[in-house]
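These notes are about the structure you will find just below.
No lab work stands behind these numbers, since they all come straight from the coordinates. On a predicted model such as this, the values are computed, not experimentally measured, just so you know. Reconstructed Cβ throughout: ideal geometry from the backbone, glycine too, with neighbour counts over all protein chains shown.
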Amino acid sequence: MGYQCRTCGLWHDERPTFFVAELPAVVAELSDIDLRSRVERGSDQCILDGQHFFILGNLDIRILGSLEHLRWTVWSSLSQSNFERASELWQTVGRESEPPYFGWLSNQIPGYPTSVNIKAMVRTGPVGIRPKLIVIEEGHPLARDQDQGVSEERAEELIHAALHREAV
């Protein structure tokens, strides 16, 4: 099943359902000089100024009537103690039994009202699997869609917004 973008008309062999944020929003806004001097980062963890801690996770939304889901691999903040705990367990088998950590979503999800700094839970997965991000911000459409899933039509709107960084 292919996908033709409604804006640019380009055809994709597969419908794009996976989107990645390279950095937390606050870090992405830094100049190259500040990025080098103020940020420590790996592929899945990021520290700003030695006092703001972020972890990369997957935020999934089911597409109703389909086996597909939309996935945003985005950042969540963690408290220093939870970040250190997650880091200690990074290569520990069984880490998925760890209770979820509270965090603040740290990226804008295209197609939704402001999603930076909304409440989320970070659920650690097995070694080698990124944590699952669960939006818990009461009344936010992203929390509703994550809980209930979205229609094919809404999924198309979200894909369009993600490809073209537009609000829907």
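For the reader, a short list of remarks on this structure follows.
- Dipole of the chain, positive direction: furthest Cα of Thr92, Ile134, Gln146, with charges on the beta-carbon: Thr92
- A full extension of the chain between Arg71 and Ser43 corresponds to an added length of 8.3 nm, given 0.36 nm per residue minus the alpha carbon distance.
- Taken about its Cα centre, segment 48-168 carries a charge dipole of roughly 260 debye when the Cβ of each Lys and Arg holds +1 and the Cβ of each Asp and Glu holds -1.
- If the segment from Glu14 to Glu96 were pulled out straight at 0.36 nm per residue, it would be longer than the present Cα-Cα gap by 26.4 nm.
- At q = 0.15 Å⁻¹, base-10 log of I(q)/I(0) for the chain (Debye sum, equal scatterers on each alpha carbon): -0.86
- Over segment 17-164, relative contact order from alpha-carbon pairs under 8 Å, at least 6 apart, %: 22 percent
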